[in-house]
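First up is the structure itself, then whatever we jot down about it.
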Amino acid sequence: MDGVILHSGLDQLKFTLSTDIPPKLRAELASAKAHAKETHRECVLEFGDITLSVSNKGARGFTAHTGDHGAIWLFQDPEDRIPNNPGIIIDFRAFGLATGGLEGAEKHFRECMTAFGIPYVETQLRVARVDFAVDFLAPWFEPDREALVVPPGTKITEYTGVAETATVASGSRVVGLRAGAVTNRQLAIYDKRAEVIEQNKMGWLTIWDAALTDLNKPPLDLKDRDASQVWRFEMRLGAKQLRNRFEMRNWEDVHSIIGDAFTDALSRMRYCLPTTDRNRARWPVHGLWTQFESAIGNDLLVNCSGVLPSDVIKANRIAKMRELDAQLLGLFITRAAISGVEAEEFPEFMARHVEALERSADAAEVSVEEKIVKARARYRFQ
């Protein structure tokens, strides 16, 4: 059974920047922080069209944000630096990513850096975390720990409340699962409706209702759980994946290959329909997981290069397969042309010809198995 997709897209994006804020900005932030401490409320600074709200937090630096559709900015104090820590951390907010996407986040970042007067170069940027989320209207669904198929040794957490402090579900409805580590690769499945109600994030209700309007469906009534249960499937990638495995650093890298990174993550774990088969690898995938994969594939299609920088073997194999596919297609087209096949007849011609080739392979003196063994020996991708 499929769910209704109410939202899909990036949900978190975090960058670090190894530079110091200039003295003028440091003085303004220090004054704003002092004022926030005195008044017990945020102090607002205006930089042209950019509004920066500064809090009283940050023992050795400054904590600020540029609104619900902007980002949280953590600035180190150049006069009281923490050794080996980045000078600036930028954590883009979920509502901004939901409405503006990756392009909107980059535009906001560059406008803020110009407004704040912070000089930097692209090589100083490092991407630290990227999350992708899909929200399903699926009242019939409930997470099942046994349905998760993950790499050996992966830690799985099951919890029964929105607060992620609980680690084991016992005698209560399961509202979430987590598998993996957020510094590396983590899958989270949880009750987004409950979070929206508890934390009063009604902006999500607006986003969901807009999606339902586009589908000619009525808006959600969150008071009716049986009709408004929304589950979020979220894949989270941390620095070990982004920087170490996929060698992502700056905005250009994220735009180019973030889709590859998520495609790879989806191949490592999945949510299935458990069967009696002891081999979990043969379990069929759950319908919601199929939709989850499709949403990521469609949304991030333009952010794929098809080549994994840290996996040369796989990249070479993919390149060779594409080359052979192109050759096969060219041969089929040539064969069809010689046979007098018209363009509209080509799909049927291909199907018939594949069957003829199968019969020819079965009748050959050398078996297909032996030929495959020899071919595999010729193409060792190392």
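The values are calculated or read from the model by the stated rules, or taken from the named source; none is laboratory data. Everything quoted here is computed from the prediction, not taken from an experiment. Cβ atoms come from the backbone with ideal geometry, glycine included; neighbour counts cover every protein chain shown. The area values use the complete protein model at the heavy-atom level, side chains included, leaving out ligands, DNA and RNA. Shrake-Rupley method; radii C 1.70, N 1.55, O 1.52, S 1.80 Å.
For the reader, a short list of remarks on this structure follows.
- Maximal additional length on extending the GLU342-HIS40 stretch stands at 101.0 nm, based on 0.36 nm per residue less the C-alpha distance.
- Semi-axis lengths (Å, descending) of the ellipsoid that matches the C-alpha gyration tensor of the chain: 46, 28, 21
- Highest-MSF residue in the chain out of LYS107, LYS371, LYS14 [GNM, Cα springs under 10 Å]: LYS371
- Taken per residue, the accessible surface of the chain reaches 54 Å², heavy atoms only and a 1.4 Å probe.
- Ratio of the Cα radius of gyration of the stretch 1-107 to 2.2 N^0.38 Å, where N counts its residues: 1.23
- A Stokes-Einstein calculation at 25 °C with viscosity 0.890 mPa s, built on the Kirkwood radius of the stretch 323-382 over Cα pairs, returns a diffusion coefficient of 182 µm²/s.
- With contributions of -39500 (n - 2.57) from each DSSP H run of at least four residues, the per-residue ellipticity at 222 nm computed over the chain stands at -13000 deg cm²/dmol.
- Size of charge dipole - the chain - debye, nearest 20, with Cβ of Lys, Arg +1 and Asp, Glu -1, no other charges: 1480
- The stretch 171-235 - charge dipole about Cα centre, Lys and Arg +1 at Cβ, Asp and Glu -1, debye rounded to 20: 240
- Dipole magnitude of the stretch 72-127 about its Cα centre (Cβ charges: Lys, Arg +1; Asp, Glu -1), debye to nearest 20: 140
- Residues GLN124 and GLU146, FRET efficiency given R0 of 45 Å [Cβ-Cβ distance, rounded to 0.05]: 0.50
- Reachable lysines from LYS320, criterion Cα separation under 19 angstrom, eight or more residues apart if same chain: LYS371, LYS374
- Considering only ALA30, ILE82, LEU329, and ranking their Cα positions along the charge dipole of the chain that arises from unit charges at the beta-carbon of Lys, Arg, Asp and Glu, the one farthest toward the positive end is ILE82.
- Taking a ≥ b ≥ c as the square roots of the eigenvalues of the alpha carbon gyration tensor, the stretch 84-164 is prolate, as a/c is not under 1.5 and a/b beats b/c.
- The apolar share of the surface of the chain, taken as the fraction of accessible area on carbon and sulfur atoms (1.4 Å probe, ligands and nucleic acids excluded), comes to 52 percent.
- Within the chain, the longest run free of exposed loop sites, counting GluC sites (Glu not before Pro) that sit outside DSSP helix and strand states (H, G, I, E, B) and have at most 11 other Cβ atoms within 10 Å, spans 80-341.
- Kyte-Doolittle mean at least 0.0 and Cα axial length at least 27 Å: DSSP H helices in the chain: 312-338
- Residue separation of SER367 and ILE207 scaled by 0.36 nm, minus their Cα-Cα distance, works out to 51.8 nm of gained length.
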